[in-house]
Every structure is written in structure tokens, then in C-alpha cells.
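Report on one structure; see the data block that follows.
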Amino acid sequence: MKICSWDFETIKDSSRVNFLPEIKPDKRIVIPAKIEANIAKKKQEQIDKMALNPAFAIPCVFGWHDGNKTHSLVLEEETPKAEKDLLIKIWKELKKYEQFVTFNGMSYDVPVLLMRSMIHHVQPTVKISRKRYSNSNHCDVRMVFGDWDKFAVGKLPYFSMLLLGKSSKDELSGDQVQEYWNMNLKDDIAKYCEADCQVTFELYDLLSKYYL
């Protein structure tokens, strides 16, 4: 069976800021100037979190590990055409595999991939299961370790250190991807994504001997 672990990093889709829900100030604030400041603060927080929402998250780097080698694809530029082209390439690569491994893919990566593909009318080439309590063709390592509780404690670096004895992170972390992208440090983001894919595959290889 051909297996790959995959992951991607995302940035916010600035072109869809107008689609964000309306911001309402805290009810306890009554002074106009403070109301305006409160709305501005909440709006910025909303914008900063866009990359966490499938409808507003652009995949900027896609990585995957096939058990032997790690690969990555990088968004060429922030345009609808470039994102569509990247999504087409992603689905072309995923079609080559039969079993998919992610870390938190059930809650984030698969929803983002499907939503962004739907936005750009890109047809999926394979169905990646999101069925709870199942590892049919998709094993979400985080869900298995957390007994399918999406609020369970434990991120990828935690399980990497606990079970593999090494950190999955270097200098970059997920909340810095947007900053690195803005500085055109695409190679750094790609290496970060690839490292996560390799660690995820190693964790899957280990857990398959006990949980699956």
C-alpha cells in the first residue's frame, strides 16, 4: 500500500477580508472612542486568525513524505490562478497514494484543502476520509493519540519529543508562517513543513504497531 504523510502551511487570504463577520464591541464599553478602539482591536485579531479558517486560509506550502523522501510544493504568488494551480498539483500528487497520514488533518488540513478546492472549482482526485473513529484511508495521528478528542492536549512537537526523543521544530513555528511569507522566506517555510511531514510519518509508523 502506498502511504504518505502530508501537511501544508497557510497564510491569510487578504482578498476576502470583506467576507469576515461583522465585529461588535463589548457591551460594557460606552465611550465612543473606546468603542472604536475595541472594534479596531477585534478586527485585527480577526484578520490575524484568518489563516486558521478554511474559508480564508491560502495553502502556501504543501509537503508530503512517502516513507523514503520528503517533498514540497510552494505557492508561486498570491493570486487566485497561482493558488488554483497549486491545488491542482496537490491533488495530482495525492492521487498517487492509497493511505494518508496527517496530524490534525481531520479538523484542519482536509477541510482547508476541500474548501479552497471548492472555491477555485478544483476537482479532488481522491476521497480522503473524515469519518470519526475510523482509519480507513486516512489516519489522523493526533486523533488516535487523543482518543478522537479534538481538544486533547498534545501538539506535534510534544508527541515528537515524547515518543521519538526529538523536537519536530527548529526556529520556525506555525504562528510565524505569515511573517516568514511576508519576508519571502519561502524555503524556510518549505523546510519547516517537510520536517513536520517526516515526523508525522515516523509517529504513524510507531503507532501502527500499537493502535492500528
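State yes or no: is residue 7 in contact with a Phe, Trp or Tyr (Cβ under 9 Å, 6 or more places away or on another chain), outside any loop (DSSP other than H, G, I, E, B) and acidic (Asp, Glu)? Yes, satisfied. For residue 186, the conditions (1) surrounded by 13 or more Cβ atoms within 10 Å (Cβ to Cβ); (2) free of Cβ contacts under 8 Å to residues at least 12 places away in the same chain; (3) within 22 Å of residue 51 (Cβ to Cβ) are fulfilled apart from (2).
Taken across the stretch 70-82, residues that are touching a strand residue (DSSP E or B) at 6+ places or on another chain (Cβ under 9 Å), surrounded by 16 or more Cβ atoms within 10 Å (Cβ to Cβ) and closer than 20 Å to residue 208 by Cβ do occur, with at least one present. Note on the stretch 52-69: among residues that are in contact (Cβ under 8 Å) with a residue 60 or more places away in the chain and crowded, with 20+ Cβ neighbours inside 10 Å, the one that is nearest to residue 13 (Cα to Cα) is 60. Residues that are out of contact with any strand residue (DSSP E or B) (no Cβ under 6 Å at 6 or more places or on another chain) and within 17 Å of residue 80 (Cα to Cα) were ranked within the stretch 1-23; the one that is surrounded by the fewest Cβ atoms within 10 Å (Cβ to Cβ) is 18. Looking only at residues that are charged (D, E, K, R) and more than 19 Å from the chain's Cα centre (by Cα) in the stretch 1-26, which one is farthest from residue 42 (Cα to Cα)? Here the residue is 2.
A quick yes/no check of all residues on (1) under 14 Å from the mean Cα position of the chain (by Cα); (2) crowded, with 16+ Cβ neighbours inside 10 Å; (3) modelled with pLDDT under 95; (4) of a type outside the set (Lys, Arg):
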residue: 93; (1), (2), (3), (4): no, yes, no, yes
residue: 100; (1), (2), (3), (4): no, yes, no, yes
residue: 109; (1), (2), (3), (4): yes, yes, no, yes
residue: 162; (1), (2), (3), (4): no, no, yes, yes
residue: 178; (1), (2), (3), (4): yes, yes, yes, yes
residue: 182; (1), (2), (3), (4): no, no, yes, yes
residue: 197; (1), (2), (3), (4): yes, yes, no, yes
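The values are calculated or read from the model by the stated rules, or taken from the named source; none is laboratory data. What you see is a predicted model, and the numbers here were worked out from it, not measured in a lab. Cβ sites come from the backbone with ideal geometry, for glycine too, and all protein chains shown count toward neighbours.
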